[in-house]
Amino acid sequence: MYGMTTAHPSNYTKGRSARIEFLVLHYTAGHNDSAAGNLRYFASPRGASAHYFVDRNGWLQSVDDGDTAWSVGTAGIYVQKHPDCRNANSISIELCCRYAAGQYVFSRKTVRNAARLTRLLMTRYGIPIENVLRHFDVVSKRCPAPWVDDESQWQAFRKLVEEELDMTK
């Protein structure tokens, strides 16, 4: 059920102090990066982490679901917005992206793969759609930028996740 942790031990906390209740979507802010490239990057000390990295080919796991990734805190920079979502009770999913014409974009395949992973995790942990959040919804960070800058893209993703859920019933 769980994947092998590839993240450097200094990038996350072993174990959890709370039940998984939230899924938080992020973007890597990369320029044509990949899930495998991100796993290699976080295999060194970075002071941050995510559970999953999604690209056009699928997803790879960096931090085990049973461990606490460091991905939704304020880092003393951002304002806490969500009353309940924290690192301890969430799983973070990073979408790899491209940078084109001065903006970050997700490929359709990456979005589809992220929807499938989100649906799988929602089913596994009993997470309702209202607990699927953008990093922006948790703290004031503009992440994932494509879905903060264009709310309709975020709503389209949520609809895709709900359609995926309906297909599994």
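Here the relative contact order of segment 36-169, from alpha carbon pairs under 8 Å that lie six or more residues apart, stands at 23 percent. The length gained by stretching the chain between TYR99 and HIS8 to full extension, at 0.36 nm per residue less their Cα-Cα distance, is 30.0 nm.
Projecting the Cα atoms of SER71, CYS97, ALA43 onto the charge dipole of the chain (Cβ charges, centred on the Cα centre) puts ALA43 farthest toward the positive pole.
Taking the DSSP bridge list for the chain and keeping only pairs wholly inside it, about 45 percent are antiparallel. Protein heavy-atom surface of the chain, 1.4 angstrom probe: 51% of the accessible area is carbon and sulfur, with nucleic acids and ligands not counted. Here the gap between THR74 and GLU163, fully extended at 0.36 nm per residue and compared with their Cα-Cα distance, gives a gain of 28.8 nm. Per residue, the accessible area of segment 1-147 comes to 46 Å², computed with a 1.4 Å probe over protein heavy atoms only. Projecting label points 7 angstrom from Cα along Cα→Cβ for LEU120 and SER140 puts them 3.6 nm apart. Computed from the C-beta positions of ARG112 and ASP84, the FRET efficiency with R₀ = 22 Å rounds to 0.15. Here the label points at GLU130 and GLN153, each 7 Å from Cα along the C-beta direction, are separated by 2.7 nm in the simple model. The mean of 1/r over all distinct Cα pairs in the chain, once inverted, gives the Kirkwood hydrodynamic radius of 15.8 Å.
Using a Gaussian network model of the chain in which every pair of alpha carbons under 10 angstrom is joined by a spring, one finds that among TYR104, TYR41, TYR27 the greatest mean-square fluctuation is at TYR41.
The values are calculated or read from the model by the stated rules, or taken from the named source; none is laboratory data. In this text the structure is predicted, and so the values were computed from the model without any measurement. For neighbour counting, all protein chains shown are included, and Cβ atoms are generated from backbone atoms with ideal geometry for every residue, glycine included. Accessible surface is based on the protein model in full, side chains and every heavy atom, while ligands, DNA and RNA are left aside. Shrake-Rupley method; radii C 1.70, N 1.55, O 1.52, S 1.80 Å.
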